[in-house]
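The values are calculated or read from the model by the stated rules, or taken from the named source; none is laboratory data. None of the values given here were measured: they were computed from a predicted structure. For neighbour counting, all protein chains shown are included, and Cβ atoms are generated from backbone atoms with ideal geometry for every residue, glycine included.
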2 protein chains.
Amino acid sequence: MKLRSLLVTLAALFAGSALRADEGMWLYSAPPRARIKAKYGFDLTDAWLDHVRLSSVRFNSGGSASFVSADGLVITNHHVGADSLQKMGSKDHNYLRDGFYAKSAAEEIKCNDLEVNVLQSIENVPARINAAVPATLAGSDAALARRKIIAEVEKESKDKTGLRSDVVTLYQGGAYHLYRFKRYTDIRLVFAPEAQAAFFGGDPDNFEFPRYNLDICFFRVYENNQPVKSAHFLKWSANGAKDGELTFVSGHPGRTSRLLTTAELAYVRDNRIPFTNLMLKRREVLLTSWSGRSQENARRAREDLFGLQNSRKVYDGQQAALQDPAFFGTKVAAEKALKQKLADMPNGADALPAYEKIAAATNIIAQNATRHRFLEGTYRDVFSTPAGLMSESFGIARSLLRAGDERSKPNGERLKEFAEARRESYEVQLFSDKPIYNDYEILNLSDSLTFLAEQLGYNDPTVTAVLAGKSPRARAAELINGTQVNDVAFRKKLYAGGSAAVAAAKDPLIEAARIIDTEARNLRKIMETQEEIKQQSQAIIGKARFAVEGTASYPDATFTLRLSYGPVAGYEENGVKVPAMTNFAGLYARSAEQDNKPPFDLPPRWVEKKSALDLSVPYNLVSTADIIGGNSGSPIINRAGDFVGIIFDGNIQSLVGDFGYEDIQARALSVHSAGILEALKNVYEVPVLVAELTAGRR
Amino acid sequence: MKLRSLLVTLAALFAGSALRADEGMWLYSAPPRARIKAKYGFDLTDAWLDHVRLSSVRFNSGGSASFVSADGLVITNHHVGADSLQKMGSKDHNYLRDGFYAKSAAEEIKCNDLEVNVLQSIENVPARINAAVPATLAGSDAALARRKIIAEVEKESKDKTGLRSDVVTLYQGGAYHLYRFKRYTDIRLVFAPEAQAAFFGGDPDNFEFPRYNLDICFFRVYENNQPVKSAHFLKWSANGAKDGELTFVSGHPGRTSRLLTTAELAYVRDNRIPFTNLMLKRREVLLTSWSGRSQENARRAREDLFGLQNSRKVYDGQQAALQDPAFFGTKVAAEKALKQKLADMPNGADALPAYEKIAAATNIIAQNATRHRFLEGTYRDVFSTPAGLMSESFGIARSLLRAGDERSKPNGERLKEFAEARRESYEVQLFSDKPIYNDYEILNLSDSLTFLAEQLGYNDPTVTAVLAGKSPRARAAELINGTQVNDVAFRKKLYAGGSAAVAAAKDPLIEAARIIDTEARNLRKIMETQEEIKQQSQAIIGKARFAVEGTASYPDATFTLRLSYGPVAGYEENGVKVPAMTNFAGLYARSAEQDNKPPFDLPPRWVEKKSALDLSVPYNLVSTADIIGGNSGSPIINRAGDFVGIIFDGNIQSLVGDFGYEDIQARALSVHSAGILEALKNVYEVPVLVAELTAGRR
């Protein structure tokens, strides 16, 4: 009977009810009504959910946001808007550093290439997908078949509704949902504080708490050259969240890996993170050093540098968890228990070989990972660049080369970033007139060519071909100074002309992309084949697991809209209580204890206006909500559906969140709605914006 | 006849006369009299050489210096003195950052563990060494035999003369010289400027020119509690060096690798530098991020961080040269030509198999290098720590463990750092009461354990044993918080008690050192065996080469006293002329163009005293002298033998200097003697020190 009772315990562990207190990034189509009702006595009504969903905005540059007025005003994080702030800047206007305020609609500045989405509907479509990918298909055939049917479903939906339509794979293939979004591409900047107010404390205080960051940015969404009438928006709460109060987070967590098998987690720990960390730190040093040479260098590199430092802390934090036997051990034990449970269930044992398949596929991935990273790259973005040829220009060059080859193929057979349903989005990016700086491009390309030669070997045939008998620095200069891809008109010409036009141009950077393209595509195919095997195997495990857990579970994050929740709550660290909220007095104290030196210096405006501020107003706060990267800019919302704050970070202990939820010390960090209002009124003195927030309309 | 004439040309290439204009780090026992006479019409007399030699001082912490008064006053670089400044600092006194001035002898502060040396004599001892290491011995046997005879020679000399006696291997084993030094260990700080004046422009301007650095520091050498009477010292030139003037550099270049074979250079390019750069950048990010959290963190890490950033630029610069086919190609061509020449000479072909042996040894080294770096370490210092367990405390712990084992062995059989002749020096270090900070130790140790697990593999048996079932962070905290090695009395007790006392102590950090000691020693033995094979092979090539080049050549640098020379001379960069000198006006301009922001901020004193300064006085200068790391702090000297400036850096183009000399753009950077005097008089207002420099005595 001992085995039996053990299994009962384990079953409880895996049942939804055994999730940690406020765990979960819940689907809007399967919200945790019962859990919230039971614990907090609150009803998640359809009306409440619709209101919050339609007030929620996705920034496709990688973050979340919400409507906060009926006239299309949205609030997100400064660090989410940063990409746009950087791109609209110039040698004379450093909006990212200095901030911006449009006193009237006429002064609002249009973003170069930003797209935002509002989720309109969710439809369950597994039957069509599964029917088109019979279990008899394996590897890349199955991937091709799935890509084809997904592209069909997406195109059909887009043609019918006019909405952006993405098929989202959930529960490791356990479910396929069709998400339809309203797309907006005319987004204008309304207000941004100085970077130093938004990111006070810089890298040293990043992912730490207590914090004092005004990490906010306001944009306005336009349609037909008019502010969009946003029927749903979140009413601004002047008092904001209170300690202990239940809050909700509606946003777009990017990616979690909570259902990875231990073989995959070991790969992450032993292969992916070591490489990523190595590359991040190398690039952080490169950009920091270059930034130091002049203020203009610093402006050009700032956004990339921020991203690198941020990612570095994330990966360091994740690795700390993965290398901790206490954490990894629970994963191993849980997997063993689930396997035992499956073996014990009718038909459950059929799922067990899936673990072996995942381990074998992971092994092949590990063997090819280094070359794949250097020559193909691991990012999903069409303009991402491989680690060996890192530079914005190379991303464009390769995109032009491949667009020429891919666009003549049937939609379902293309590399997925060239699928017809995504065309509009990638054209926005491809034809962006965002400035590209040759010196910065050469810096990045020459360093990554150096890295390429170091890691693949100086005498590797591909490396030799890429360097073409030159030093990394000389080759980078030759390619960047010789290419025309930084000219938007040239891009348009080649894009329109297809592969023949691309070949005829003999552009040196495109030709460099061609040198590695066959190998890069082969590597990608290997990886996609193995990923497909993993995906099918994970779907088998996922379905088996689903049979145990029912609907009481949430899928891994997919950069689609999710609902999280949890109370505002402090925690204990090294035996010291960390209160749930900071206030403006704390900001001035932290600056003083660091002698007001960067990155703890206060913008002049904050020094001048100190006496005008109520220093006791809450500024930043922590809550137990389950969030991850992509949630940045998510509103935090009270029971009334009002805006009480905005997520901007997690603490260091929360970085384990990619692999599992923790609520002892892990916390989500937000800017408090009362603090934002106080700063807008008395530091920035922007009464028109304050009035719009207070009234909910202009 | 074509082959013949080609060989003649190549012979010219390799003959001393074909060295580039001012190339060479010359032995004082074989100075380039003829070259200097021919080109500059100047006679290097014995009296001039003796005077300069006895005025030159070696800082064993890794730099050069010179006597500048009859009362033991020495000048070196701020960055050479930094190690001592850091160690004598505390939470309340940040001498490194804030500077220091002793108004009287009583105020001079003694350094914790600094040793300086003055070279007294050079003796040629190859016969004894070679006789004790017959050609029939190979590998580790030869290494052991050589170590034994070297220890004997050193001990005998020390017993006879009372002087520190080091046998120095020159010309890759082509020559063995016995260097005898006067040792001083009572060194006191007299004057240091603020770090911000010494290292104005920080990492961004490091290895760049124009520059504006007051990279100086004055110490006084004591003996028997009295300032030493330095019969030889360099007279201070108030006017200093002029553009175009011939100058000499007398200092201690640390290490060059100009005679490496191409197989070895490829190993450096493809294995050693990629690893080193990876580690340096990882640690630079770690310390930068930690330093940002508080001012005290920054103080504790500053010196290490400076070293990391400095090294990073050096290795990046070297790799740029090694990955440049234009540079590497000349090395390949030169080696091919020399081989051809040897094949053509009577008995010359006997040297050719040495190239194969070096290549084979290099291959074995490459295979073992990673584990060796992580578990044994690549540094020569007894307190150096391996990359996998990096922390000051671990260095001490391992030193205690090994001292216990080694000191009971016959002198000649010990690991070389435990040779009797070096005992006094390492005891100074081992019993240093320099403060060690546990939080900083845990930071470093936990990061390097993380790195160890990433690179050797989480499941590697050695890694598993080292981590002992804990996370890197938890294990580091346990070891550092549990060890007693940071207590000097504990160290003395264990050192005196030998291996039995060490074992009885059961100190957790020493026991951690024991876990890896067998494997670490095995790895070291493999490396030393292969290094020995390389050394013997290089000696064969060296001797053959010597037969071609005669005495017109100089050996690779060995951190022993050398003489370099070259005129003060500007250069051209990207088509722009870079003048040979900067002045104080340039300092203020550079600060202004960077908005006076760190690291371009001026210390308050420099802002206040601007009007008191003659802004046209020369500040920094460049010359073509052949220098490398270790030359930092070397005096530059005019024909009269007077002090006209002090070396503190090379420009980026000079970083190739490890592998070859360049004089088109490569330059040595110095602080000008007139600029130093002007700053001491009018910025620091230290008339007593100025008087001593001017009079040459107190």
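Residue count for segment B:179-200, restricted to those that are assigned to a strand (DSSP E or B) and not charged (D, E, K, R): 8.
Working carefully through the options A:R414, A:R423, A:R475, find the one that is under 30 Å from the mean Cα position of the chain (by Cα), among the basic types (K, R) and buried (at least 19 other Cβ atoms within 10 Å of the Cβ). Matching residue, one of A:R414, A:R423, A:R475: A:R414. If the condition is being charged (D, E, K, R) and more than 22 Å from the chain's Cα centre (by Cα), then segment A:212-236 contributes A:E223, A:K229, A:K235. Screening A:T9 on (1) surrounded by 13 or more Cβ atoms within 10 Å (Cβ to Cβ); (2) under 25 Å from A:E662 (Cβ atoms); (3) modelled with pLDDT under 95 shows it passes everything except condition (1). Exactly one residue out of A:I647, A:I636, A:I627, A:I652 is within 25 Å of A:R269 (Cα to Cα) and more than 14 Å from chain B (Cβ to nearest Cβ): that is A:I627. Which number in (1) in a strand (DSSP E or B); (2) at pLDDT 95 or above marks the one condition that B:K577 misses? Checking B:K577 against (1) in a strand (DSSP E or B); (2) at pLDDT 95 or above, the one that fails is (2).
A residue that is within 12 Å of another protein chain (Cβ to nearest Cβ) and buried (at least 17 other Cβ atoms within 10 Å of the Cβ) cannot be found anywhere in segment A:329-340. Scoring B:V228 on the criteria (1) aliphatic (A, V, I, L, M); (2) within 25 Å of B:L44 (Cα to Cα); (3) surrounded by fewer than 22 Cβ atoms within 10 Å (Cβ to Cβ) leaves a single failure, condition (2). Pairs linking a residue in segment B:262-281 that is closer than 17 Å to A:R283 by Cβ to a residue that is among the acidic types (D, E) and part of a helix (DSSP H, G or I), with Cβ atoms under 6 Å and 6 or more positions apart or on different chains, are B:P274/A:E454.
A:R293 satisfies every condition listed in (1) assigned to a loop (DSSP other than H, G, I, E, B); (2) within 9 Å of chain B (Cβ to nearest Cβ); (3) under 25 Å from the mean Cα position of the chain (by Cα) except (3). Considering (1) within 11 Å of chain A (Cβ to nearest Cβ); (2) out of contact with any Lys or Arg (no Cβ under 6 Å at 6 or more places or on another chain); (3) in a helix (DSSP H, G or I); (4) free of Cβ contacts under 8 Å to residues at least 60 places away in the same chain, the lone condition that B:D304 does not fulfil carries the number (1). Take the residues in segment B:24-53 that are more than 23 Å from B:D663 (Cβ to Cβ) and touching a residue at least 60 places away in the same chain (Cβ under 8 Å); name whichever of them is surrounded by the fewest Cβ atoms within 10 Å (Cβ to Cβ). Filtering segment B:24-53 for residues that are more than 23 Å from B:D663 (Cβ to Cβ) and touching a residue at least 60 places away in the same chain (Cβ under 8 Å), the one surrounded by the fewest Cβ atoms within 10 Å (Cβ to Cβ) comes out as B:D50. In the condition set (1) aliphatic (A, V, I, L, M); (2) surrounded by fewer than 22 Cβ atoms within 10 Å (Cβ to Cβ); (3) touching a Leu at 6+ places or on another chain (Cβ under 9 Å), A:L375 is compliant with all but (2). Filtered by the rule that a residue be aromatic (F, W, Y) and assigned by TED's automatic domain parsing to the domain that holds A:K39, segment A:239-273 gives a lone residue, A:F248. Of the set (1) surrounded by fewer than 17 Cβ atoms within 10 Å (Cβ to Cβ); (2) within 26 Å of A:F374 (Cβ to Cβ), all apply to A:E528 but (1). Taking segment B:471-520 as the search range and keeping residues that are outside any helix (DSSP H, G or I) and more than 14 Å from every other protein chain (Cβ to nearest Cβ), which one is farthest from B:N438 (Cα to Cα)? Selected residue: B:K506. Of the strands (runs of 3 or more DSSP E) lying entirely inside segment A:598-698, those carrying at least 1 residues that are within 24 Å of A:D71 (Cα to Cα) are A:635-637, A:643-650, A:668-672. Any residue that is away from every other protein chain (no Cβ under 14 Å), touching a Ser or Thr at 6+ places or on another chain (Cβ under 7 Å) and part of a helix (DSSP H, G or I) - is there at least one of those in segment A:424-432? The answer is yes; a qualifying residue exists. Taking each residue of segment B:82-100 that is on the phi < 0 side of the Ramachandran plot and looking for partners that are at pLDDT below 95 and polar (S, T, N, Q) with beta-carbon atoms closer than 6 Å, six or more apart or interchain, yields B:D83/B:S61; B:K87/B:N112; B:L96/B:Q86. When residues in segment B:169-184 are screened for being at pLDDT below 95 and not small (G, A, S), 6 of them pass. Taking segment B:259-293 only, how many residues are of a type outside the set (A, V, I, L, M) and closer than 18 Å to B:V314 by Cα? Matching residues across segment B:259-293 total 13.
Specify the residue that is surrounded by the most Cβ atoms within 10 Å (Cβ to Cβ); the eligible residues are those in segment B:562-585 that are over 30 Å from the mean Cα position of the chain (by Cα) and small (G, A, S). Taking the candidates together, the pick is B:A585.
A:D203 meets all of the listed conditions (1) more than 14 Å from every other protein chain (Cβ to nearest Cβ); (2) outside any loop (DSSP other than H, G, I, E, B); (3) not hydroxyl-bearing (S, T, Y) but one, namely (1).
Among the listed residues B:L280, B:L286, B:L265, identify the single one that is within 14 Å of chain A (Cβ to nearest Cβ) and in contact with an Asp or Glu (Cβ under 6 Å, 6 or more places away or on another chain).
Step by step, each of B:L280, B:L286, B:L265 is checked, and only B:L286 is within 14 Å of chain A (Cβ to nearest Cβ) and in contact with an Asp or Glu (Cβ under 6 Å, 6 or more places away or on another chain).
Scanning segment A:433-460 for residues that are assigned to a helix (DSSP H, G or I), among the hydroxyl-bearing types (S, T, Y) and away from chain B (no Cβ under 14 Å) yields one hit, A:Y440. Scanning segment B:580-597 for residues that are assigned to a loop (DSSP other than H, G, I, E, B) and in contact (Cβ under 8 Å) with a residue 12 or more places away in the chain yields one hit, B:A580.
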